[in-house]
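Accompanying notes for the structure given below.
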Ligand code: HSE
C-alpha cells in the first residue's frame with residue numbers, strides 16, 4: 001500500500017511574526033511517495049531534484065518519520081521517495097515540506113490515528129535537523145494550510161486563520177542557497193524594549209487586518225524590525241527589490257522565512273503580476289539569476305495527490 005503526498009512550500013515570519021506567523025503556498029511544493037513495508041523502521045529510497053542525504057538520521061523527512069514512529073509504534077515500516085521541487089535553502093520551507101509530507105503520509109497509511117494538527121511536533125523534529133532551531137512557522141502552515149500563528153512553543157499551541165480572498169503572493173528566489181542555521185546566527189540574542197513593542201504592534205495589526213480583510217492595514221503591518229535589519233545584507237538586491245515591489249503596488253514586502261527568497265503580498269492578480277515584472281527586470285538588469293513566481297494562499301495544506 002502506498003500514498004502520494006503533495007508537500008506545499010510556505011512563507012514563514014511574514015515580517016512581523018518572527019518564528020510565529022506563516023502561510024501556505026498554492027501550487028508550489030514537493031511530491032512524496034510513501035509505501036508500507038514489512039520491515040519495521042524508515043528508509044529513504046530515492047530523492048530527485050536535490051542533493052540530500054538518504055541516511056534517515058541525516059534527512060529531514062527521515063527524522064520526522066522516525067519521531068512519529070517512536071510515538072505510534074506500528075508493526076510495519078515505511079519507505080519514502082521524494083521528488084524535491086522546492087530548492088533547499090531557498091527560504092520557502094523546503095525542509096518543512098519534507099518533514100510535513102513524511103508525517104502526513106505515514107499517518108494516512110496507518111489509518112489517520114492523529115489529527116494533522118497533532119503531527120506538528122513530529123514534523124518539527126525534522127526542522128531541528130535542518131535549522132538547528134525549534135521553530136514551527138513553516139511546518140504549521142505546511143500541515144494546516146492558510147495562515148498560522150504559533151501562539152507559544154511551551155506548550156506548543158498553533159492557531160489557523162483563513163486567507164482573505166484575492167490575496168496573492170509574488171516571490172523571487174535569487175539563486176543562492178542560504179541555510180536557516182546561518183541566517184539565524186546573525187540575529188541578536190536580545191532586543192531593545194522599543195523594538196519588541198514595535199514588532200508586537202505590527203503583529204497584532206497584521207492579525208486584525210486578516211480578520212477584517214483590511215488590505216491596506218495588512219500592508220502597513222508587514223514590517224520587520226527584528227530580523228530584516230540583520231538579514232537583508234545576506235540577500236542579493238534586497239532593498240531594490242523591496243522598493244520596486246512597493247512602487248509596483250505591493251501591499252507589503254519582506255524576507256521569506258530566513259531568505260534568500262523575498263515575498264510580496266498583493267491585492268489581486270494584476271498587482272502580483274506588476275511586482276513579478278518589476279522583479280524580473282531588476283534582477284536581469286543587475287545580472288543576478290533569480291526565479292520569480294506568483295502564488296496564492298493554499299487553504300488545504302499537505303494533502304494526498
Ligand atoms: N522563523 C524561521 C527563521 C523561519 O526566520 O529563522 C525559517 O524558515
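No value in this document is a laboratory result; all are computed from the given coordinates. All values reported here derive from a predicted model rather than from experimental measurement. No Cβ is skipped: glycine too gets one built from the backbone with ideal geometry, and neighbour counts run over all protein chains shown.
Here are some notes:
- Estimated Rh, region 150-214: Kirkwood, alpha-carbon pairs, angstrom: 15.5
- Judged by the ratio a/c of the largest to the smallest principal axis of the C-alpha gyration tensor, region 130-261 counts as rounded, that ratio being less than 1.5.
- Ratio Rg/Rh [Cα only; Rh per Kirkwood] for region 1-152: 0.94
- The protection proxy used here, the mean number of other Cβ atoms lying within 10 Å of each residue, ranks peptides 145-151, 215-221 as follows, highest first: 145-151, 215-221.
- Between region 238-305 and region 1-29, the alpha-carbon center distance in angstrom: 16
- Each label was represented as a point 7 Å from its Cα along the Cα-to-Cβ direction; for residue 46 and residue 305 these points are 1.2 nm apart.
- When the alpha-carbon atoms of region 19-96 are used, the pair Rg, Dmax equals 13.5, 40 angstrom.
- According to the Cα-based calculation, Rg over Rh for region 90-181 is 0.99, with Rh computed by the Kirkwood formula.
- Debye-formula intensities of region 237-305, expressed as log10 I(q)/I(0) at q = 0.16, 0.20, 0.24, 0.28 Å⁻¹, are -0.55, -0.80, -1.07, -1.36 (one equal scatterer per alpha-carbon, no solvent).
- Once you reduce region 70-91 and region 51-67 to the center of their Cα atoms, the two points are 7 Å from each other.
- 11 Å cut-off, amide nitrogen to a point 7 angstrom out along residue 156 Cα→Cβ, residues in region 79-100: 100
- Note on region 187-305: Kirkwood radius taken over Cα pairs, Stokes-Einstein applied at 25 °C and 0.890 mPa s, translational D equal to 157 µm² s⁻¹.
- Sorted on the mean count of surrounding Cβ atoms within 10 Å across their residues, most packed first, peptides 258-268, 81-91, 200-210 read 258-268, 81-91, 200-210.
- Placing dummy labels 7 Å off each Cα toward the beta-carbon, the span from residue 284 to residue 175 is 1.5 nm.
- Relative packing of peptides 295-305, 5-15, 168-178 - highest average C-beta neighbours within 10 Å first: 5-15, 168-178, 295-305
- Cα gyration tensor shape for region 181-252, rounded if a/c is under 1.5, else prolate or oblate: oblate
- P(r) tail, the chain: Cα-Cα pairs separated by more than 33 Å, 20% of all pairs.
- Region 69-108 residues near the modelled residue 57 label - backbone nitrogen below 16 Å, point 7 Å along Cα→Cβ: 70
- Between residue 269 and residue 217, the simple label model (points 7 Å from Cα in the Cβ direction) yields a spacing of 2.9 nm.
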